[in-house]
Amino acid sequence: MIELFLRRTAGLALIAFTAAFSLVTAERLGVWEHALAGRKSVQPLGIDDIAAGAVAFWIITTAGLLWHRRRMPMWRVWTRWAAFPGIYAALLKTFALVADRDRPIALLVAAGLLVVVWALGELVVLVTTRPVTSALIGSRLEIPFPTRDLKARLCVREDRLVLDSLVSRRKRSRDVVAVPWTAMRSIELIEVEQEMTCQVIIYADGDVGRPRSFDVLPGPALHVVGTARELLIPVTEKVGTTALAVVRARSAGVELVEQPFWSTRPKRKSDLRPANWEFRTDSRPYVLLLVGAFLLMPLYMLTMITLSVVTGSAELQEDWDTVGGLDKQYQVIVAGLGLVAVGFLYLAYRFCFKAFLGFMKDQDDLEAFPEPPPPPPKTGTVPGSGKKRKKR
């Protein structure tokens, strides 16, 4: 537990450092432009000013880290989200320095900032997932593994083995092939003697499953057999041995389930949807998040009004019309806004966030089982065809 706590703490510290580093870089570029301008018309933005505009991004980053608290490879994405406000401000100052102040060296500073942010994002994943110790294996954290001569990424999660990015490295959440422990029949590290082709069916770009093939060069590979999947994943000897140990430790004691999870769900309105709709993995109702964000606007307004009064910030008080405190009329408005915020928060949860979470949960099963397992073999007998016994 201590090791996992230290890993996550180190990862969060690196994310915070990345955000702070980008803010400081943007602030120093602003000071440089101000010094070159030599007049008061160009005022540098302070770190507090840039940070005030970054609050929304940091709230999204925090929510993302909570959502992906066990999916460590996603932490690199949220590292870049945390640094985006500073990067954006730094790029604006860089363009001003190059175009208006004739300082092309500022481009090197901006490029260096991007490289540092990218490297820190990768470092976050390394710190949280390497080395692969017994404590990490026994945890519920996702562990990524590199593949051999393949663009796809192999990950061992808490309850499944995942191979993603089969089409593009940019599509981490789509084109996913997964084999849960409840569907895994066997996994072993084998030696491929000649070049082979592995083909999987992905429901990621339409209503009809699309086959995706990748080459497996001679060498070690993980052979995974599930109830609806069979994968051959090229890896190195070291990576294969470690991944195999992680899979066996996490899948120990899990019983094999022949039927997929989605077979027990209530039937959908198939007459209103195209064929094979239930197998889609590209559909993501992100519009629900936009509607939910709109419904959270009263809560956002109430929060900003409260912050303007509590912090005493002259800028916030001017923006939210709270200079001099809240008079009786404004107090009534704030109380009414609070009631509206509570109601809208309920609507956002009931019809947006809850529905989105449920949909994403179903997607895990659909990505793991893109097609039903084969029907049981026929035994030559028909249920109910035998003679009925007389009741005594």
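A few comments on the model shown:
- Exposure proxy order (Cβ contacts within 10 Å, fewest to most) of LYS151, LYS328: LYS328, LYS151
- As a rough footprinting exposure proxy, the listed residues TYR330, TYR286 were ranked by other beta carbons within 10 Å of their own, and the order from fewest upward is TYR286, TYR330.
- Theoretical FRET efficiency, 1/(1+(r/R0)^6), r = Cβ-Cβ of GLU188 and LEU126, R0 45 Å, to 0.05: 0.95
- Cut-off 12 Å, label 7 Å out along Cα→Cβ of THR133, residues of segment 1-35 by amide N: 1-8
- Note on TYR330 and TYR88: their simple-model spin labels are 2.8 nm apart, each label 7 Å out from Cα toward Cβ.
- Eigen-decomposition of the gyration tensor built on the alpha-carbon atoms of segment 284-368 gives equivalent ellipsoid semi-axes of 36, 13, 8 angstrom, largest listed first.
- Its relative contact order, with pairs defined as Cα atoms under 8 Å and 6+ residues apart, puts segment 37-101 at 39 percent.
- Full extension of the chain segment joining GLN199 with ALA56 gains 47.2 nm, where the gain is 0.36 nm per residue of separation less the Cα-Cα distance.
- Orientation-averaged projection of segment 2-136 equals 8.5 nm² [convex hull of Cα atoms, one quarter of hull surface area].
- Taking segment 2-136 and dividing mean pair separation by its residue count, relative contact order in percent (alpha carbons under 8 Å, at least six apart): 38 percent
Every number in this text was worked out from the coordinates using simple rules, so none of it is lab data. It should be emphasised that the depicted structure is a prediction, and the values quoted were computed from it without experimental measurement. Cβ sites come from the backbone with ideal geometry, for glycine too, and all protein chains shown count toward neighbours.
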